[in-house]
Structure formats: structure tokens, C-alpha cells
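A quick write-up on the structure given underneath.
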Amino acid sequence: IPMMPSVSYNPRSERDNYLFTIGVMGYLPNYMGVDRFLKDVWPSFHKEYPQVRYIIGGRNAPMEMADRWNGTDGVSYVGFVDDLEKVYAKCVAAVVPVYAGGGTCIKTLEAMAYSRVCLTTPFGARGLLSDDIRPSNGLCTFRNSSEFVSVCGDLIDGISREEMECGAFRYSK
């Protein structure tokens with residue numbers, strides 16, 4: 001079940017310059033997805049946008065992965081997140097880098113409920129109508145690093161991001 005923002009949640013909070021992924025990192029599809037994202041996508045993105053950080057939240061990441069992630073420039077694995085609302089409020093966008101797994105990709109919908117644009121692999125948007133998967137709904141898919149970097153150009157521009165966030169919130173309801 002996704003977390004939902006409280007009535008006091010302010011999606012227009014001042015942002016810190018980071019992308020955010022949350023999930024149980026002891027779950028193989030989650031930690032393997034993050035690891036693949038860091039190998040295949042992050043280097044190109046970080047070269048283009050070195051000022052943007054990547055925060056990974058969620059308990060129980062394998063120690064060797066947590067160490068490798070924390071050793072990657074611009075990346076922080078923070079483990080369990082006490083105040084999910086605060087982290088969502090401060091992030092530029094959520095990333096759902098999953099390529100396998102079961103069930104629904106609830107973190108995609110959760111990010112949108114928090115009025116955050118969700119950058120996801122096509123697998124992370126499964127179950128949603130293909131016509132609904134578009135930036136105006138705050139949902140952007142990427143298959144590789146060049147698609148990810150391209151999509152992020154709109155997010156760095158606060159006006160486009162705000163429109164996308166409103167679309168994400170409307171769509172999640």
C-alpha cells in the first residue's frame with residue numbers, strides 16, 4: 001500500500017537538488033534496478049547535471065551494494081527514511097528504476113500522489129494505460145541514459161516541472 005501525503009503536505013516546498021528512489025532495498029528487483037540505473041544511466045546524467053544528487057532510500061540493501069552506491073559520485077544511500085513526506089517534498093523528481101518484479105509498481109503511483117514527476121522504466125509503468133504514460137501526467141519513461149537525460153531537461157526548468165507535477169497529482173487521484 002503506498003504512503004499518501006498528509007493534509008499538511010506542501011508539494012510546493014523549496015527543493016533540494018536531488019532525485020529520489022524509495023523501496024525495500026532488500027528486495028532483489030529493487031536493488032538490482034538501482035544498481036543497473038547507477039551503471040547504465042547515472043554516469044551520463046551526472047556528467048550533464050553534476051549539481052543534481054541521487055538519494056536512495058529503503059531498508060536492507062545488500063552491504064556490498066550500499067557501499068558501492070555510496071562510493072558513486074553524487075549518490076547517497078540513506079537506508080530507512082523516517083520522514084518520507086519531507087524527502088518527497090524536497091526532491092526534484094522520483095526515479096523508479098525497476099526492470100523486473102511482481103505485483104504493481106506502487107512506488108510510481110506513490111510518487112505521483114506526492115505531486116512528484118516519476119521517471120520510470122517501462123516496467124515501472126506496467127499496468128497503466130499506454131495513453132496515460134506521458135509527461136503531462138507527470139509520468140516519463142526511459143529505456144536508456146539518453147532518454148533519461150532528455151526527459152530531465154524539462155525537470156530542471158521549474159515551470160515545466162510544476163506543470164508536470166500538477167498533472168502527476170491529478171492522475172494519481
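Averaged per residue, what accessible area in Å² does the chain show with a 1.4 Å probe, protein chains only?
49 Å²
Report relative contact order for the chain in percent, whole number only (criteria: Cα-Cα under 8 Å, sequence separation at least 6).
It comes to 25 percent, rounded to a whole number.
If I compute Kirkwood radius over Cα pairs in Å from the structure I just sent, which labelled value in (1) 18.9; (2) 15.8; (3) 20.1 lines up?
Label (2) holds the value from this structure.
Using only alpha carbon pairs under 8 Å that are at least six residues apart, calculate the relative contact order of the stretch 17-118 and give it in whole percent.
Normalised by residue count, the contact order of the stretch 17-118 is 37 percent.
Taking only DSSP H segments of four or more residues, each worth -39500 (n - 2.57), what value at 222 nm results for the chain once the sum is divided by all its residues, to the nearest 500 deg cm²/dmol?
-12000 deg cm²/dmol
Using the alpha-carbon centroid of each, what span in Å lies between the stretch 77-125 and the stretch 134-173?
Between the Cα centre of the stretch 77-125 and that of the stretch 134-173, the gap is 13 Å.
Report in % the part of the accessible area of the chain that belongs to carbon and sulfur, leaving out ligands and nucleic acids; probe 1.4 Å.
Here it works out to 54 percent.
With charges set only on the Cβ (+1 for Lys and Arg, -1 for Asp and Glu), what does the dipole of the chain come to about its Cα centre, in debye to the nearest 20?
220 debye
Is the shape of the stretch 71-161 rounded, prolate or oblate, going by the alpha carbon gyration tensor and its root eigenvalues a ≥ b ≥ c, with a/c under 1.5 for rounded and a/b larger than b/c for prolate?
Because its axes are fairly even, with a/c under 1.5, the stretch 71-161 counts as rounded.
The values are calculated or read from the model by the stated rules, or taken from the named source; none is laboratory data. On a predicted model such as this, the values are computed, not experimentally measured, just so you know. Cβ atoms come from the backbone with ideal geometry, glycine included; neighbour counts cover every protein chain shown. To get the accessible areas, we keep the full protein, side chains included, count just its heavy atoms, and leave off ligands, DNA and RNA. Shrake-Rupley method; radii C 1.70, N 1.55, O 1.52, S 1.80 Å.
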